[in-house]
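Student: Before anything else, here's the structure in question.
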Amino acid sequence: MAEADYDTEKELRKWLEGAGRIVIAGIGNPIRSDDFVGVKIVQDLKERVPDRVMLIECETVPEAYLQQITEFAPTHVLLVDAAILALKPGESRLIEPARLTDFPAFSTHMLPLRLFCECVNVNTKAKISLLLVQPGNTDFGEEMTDDVKVVAQEITAILQSVFSE
């Protein structure tokens, strides 16, 4: 798919069509600059989504929340994370976990996300997707780059809009 043709909002809206109970899990390291984008989006959504949406700040250990996700019985699970995608900083892609084997995405976390997604799927049968954001900087530091801050705000606004419809 050509870069200019990709529309994150369109893809998210399509993926969330017919969603019942939704988990949005923000993944990232708070001291690795842009790597924190997933958690930042979840933080910014707090108190701005309906009760059918569970927000989880996983930081670097999403597997620690497997039971909580399972007990919520979601129809959809969206994992939001930074990943090296060979895109411009701040660009994002919504990808299915099965594509992680052929998509050039590299996360900064210990447990491969594909493996975590398989565990979630076995336990919930939910529709699972990853919203990945290309970081500009993952060095130690607590400040995100401007490109990633902007996309975090855009994604937060898109999700708020979808859930308020």
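Read the figures in this text as sums done on the coordinates, not as results from a lab. Predicted, not measured: the structure shown is a model, and the values here were computed from it. Cβ placement follows ideal geometry from the backbone for every residue including glycine, while neighbour counts extend to all protein chains displayed.
Student: Sort L113, L87 so that the residue with the fewest other Cβ atoms within 10 Å of its own Cβ comes first and the one with the most comes last.
Tutor: Lowest to highest Cβ neighbour count: L87, L113.
Student: Can you give me the distance in nm between label points at E142 and D5, each placed 7 Å from the Cα along the Cα-to-Cβ direction?
Tutor: Inter-label distance under the simple model: 4.4 nm.
Student: Something else: Once R0 is set to 35 Å, what does the formula 1/(1 + (r/R0)^6) return for the Cβ-Cβ distance between K14 and A64, expressed as a FRET efficiency to the nearest 0.05? Could the numbers behind the result be given before it?
Tutor: On the way: r = 30 Å, r/R0 = 0.86.
About 0.70, to the nearest 0.05.
Student: First measure r as the distance between the Cβ atoms of I84 and E165, then evaluate 1/(1 + (r/R0)^6) with R0 = 45 Å and state the FRET efficiency to the nearest 0.05.
Tutor: 0.85
Student: Where is the GNM fluctuation largest for the chain (alpha-carbon springs, 10 angstrom cutoff): V39, V133, V49?
Tutor: V49
Student: Also, I was wondering about something else. For R21 and K149, compute 0.36 nm times the residue count separating them, minus their Cα-Cα distance, and round to one decimal in nm.
Tutor: Numbers: separation 128, 0.36 × 128 = 46.08 nm, distance 2.73 nm.
Working it through step by step, the gained length comes to 43.3 nm.
Student: Can I ask one more? Per residue and in cubic angstrom, what volume does the convex hull of the Cα atoms of the chain have?
Tutor: 104 Å³
Student: So, one more: Can you put D35, D7 in order, fewest other beta carbons within 10 Å first?
Tutor: Exposure proxy ranking, most exposed first: D7, D35.
Student: Quick one: which residues, 5 or more positions from N29 or on another chain, have an amide H under 5 Å from its amide H? H modelled 1.01 Å from N in the peptide plane, none for Pro or chain starts.
Tutor: Counting only residues 5 or more places away or on other chains, the set is F36.
Student: Helix-only estimate, please: 222 nm mean residue ellipticity of the chain, summing -39500 (n - 2.57) across DSSP H runs of length 4 or more and dividing by its residues, to the nearest 500. The partial results should precede the final answer.
Tutor: Values: 5 runs with 56 residues, N = 165.
Helices in the chain give a 222 nm mean residue ellipticity of -10500 deg cm²/dmol.
Student: Let me ask another. Strictly over 24 Å apart at the Cα level, which of K10/K149; K40/K125; K14/K127 would you flag in this model? Intermediate results must be reported in sequence, preceding the final value.
Tutor: On the way: K10/K149 20 Å; K40/K125 27 Å; K14/K127 12 Å.
With Cα atoms farther than 24 Å apart: K40/K125.
Student: Mind checking the full-extension length gain between Q43 and K125? Use 0.36 nm per residue of separation minus the Cα-Cα distance, one decimal, nm.
Tutor: 26.9 nm
Student: Apply the Karplus curve 6.51 cos²θ - 1.76 cosθ + 1.60, θ = phi - 60°, to the phi angles in the range 141-151 and return the couplings in whole Hz, x for Gly and Pro.
Tutor: Karplus values, whole Hz, x for Gly and Pro: x, 9, 9, 7, 6, 4, 4, 6, 4, 4, 5.
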